[in-house]
1. Condition first: surrounded by fewer than 22 Cβ atoms within 10 Å (Cβ to Cβ) and touching a helix residue (DSSP H, G or I) at 6+ places or on another chain (Cβ under 7 Å). Now tell me which residues in the range 90-99 satisfy that.
2. Could you please let me know if residue 61 is of a type in the set (Asp, Glu), at pLDDT 90 or above and either part of a loop (DSSP other than H, G, I, E, B) or closer than 23 Å to residue 150 by Cβ (or both)?
3. It is to be established whether one or more residues within the range 91-102 are more than 14 Å from the chain's Cα centre (by Cα) and modelled with pLDDT under 95.
4. What number of residues within the range 144-175 are assigned to a helix (DSSP H, G or I), touching a helix residue (DSSP H, G or I) at 6+ places or on another chain (Cβ under 7 Å) and more than 16 Å from residue 133 (Cβ to Cβ)?
5. Yes or no: residue 154 of a type outside the set (Asp, Glu) and farther than 22 Å from residue 63 by Cβ?
6. Given the conditions (1) among the β-branched types (Val, Ile, Thr); (2) surrounded by 15 or more Cβ atoms within 10 Å (Cβ to Cβ); (3) over 19 Å from residue 23 (Cβ atoms); (4) modelled with pLDDT under 95, and given that residue 52 satisfies all but one, which numbered condition is not satisfied?
7. Among the candidates 169, 134, 140, single out the residue that is touching a strand residue (DSSP E or B) at 6+ places or on another chain (Cβ under 6 Å) and either among the hydroxyl-bearing types (Ser, Thr, Tyr) or at negative phi (or both).
Amino acid sequence: RQLRIAITDPAKKVGSSVDGDLVDVLLEEIRTRAPESSAVGAGFGAASAAGVLPLLSHALDQAWRNRSGKALTLADYERTGGIEGAVADSAQQVYDTLTPTQQQATRQLFIRLTATSSEGKDTADRVARPELVEGKSEAEVRDVEAVLEGFAAQRLLTLAAGTVEISHEVLLAAWPPLRDEWL
């Protein structure tokens, strides 16, 4: 019930609605993504829901921005590519606005923000912000800062308390340059 409200209430507040089919698909995606250990019957533990809500919010935001009518529909959501598509498209949009030197800084930054487990699984890593600019020239520092600001503005990087981390680990698998070239 709380997740359904989280999906539908923002649209209601602006005099719109969310199609019931879309709500059902989103709830199923949340169930699929929630770790089984935190699932309780048909509900979810607070930790699993909290981990999925930022992704859900991002996907809904992208679908809302690209909707074709007043109501948000399943077709609008599918046009954005769902959760993975919305995250990947947002990352690519930021990347495409960057200069070539900022794009190179992006590559270095995301490699640094990713850790690989002994099993070969890539995961998001938290890094102290000063580490990202250590030993760099003033121009390189400006490039890193532009990258951080651009990706943080799209809620793809989280900048907090002197640290930086990838906001949505799904980005590691969803964004083709990161997945196929850099990692």
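The values are calculated or read from the model by the stated rules, or taken from the named source; none is laboratory data. Note that the structure is predicted; figures quoted are calculated from it, not measured. Cβ sites come from the backbone with ideal geometry, for glycine too, and all protein chains shown count toward neighbours. For accessibility, only protein heavy atoms count, side chains too; no ligands or nucleic acids. Shrake-Rupley method; radii C 1.70, N 1.55, O 1.52, S 1.80 Å.
1. Going through the range 90-99, the residues surrounded by fewer than 22 Cβ atoms within 10 Å (Cβ to Cβ) turn out to be 92-99.
Residues satisfying the conditions are 94, 95, 97, 98.
2. So residue 61 fails the test.
3. Scanning the range 91-102 turns up no residue that is more than 14 Å from the chain's Cα centre (by Cα) and modelled with pLDDT under 95.
4. 4
5. no
6. (3)
7. Exactly one residue qualifies, and that residue is 169.
Conditions tested, residue by residue: (1) open to solvent by less than 50 Å² (accessible area, probe 1.4 Å); (2) more than 21 Å from residue 87 (Cβ to Cβ); (3) under 15 Å from the mean Cα position of the chain (by Cα); (4) in contact (Cβ under 8 Å) with a residue 40 or more places away in the chain.
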position: 115; (1), (2), (3), (4): yes, no, no, no
position: 119; (1), (2), (3), (4): no, yes, no, no
position: 123; (1), (2), (3), (4): yes, no, yes, yes
position: 135; (1), (2), (3), (4): no, yes, no, no
position: 141; (1), (2), (3), (4): yes, yes, no, no
position: 144; (1), (2), (3), (4): yes, yes, no, no
position: 148; (1), (2), (3), (4): yes, no, yes, no
position: 168; (1), (2), (3), (4): yes, no, yes, yes
position: 175; (1), (2), (3), (4): yes, no, yes, yes
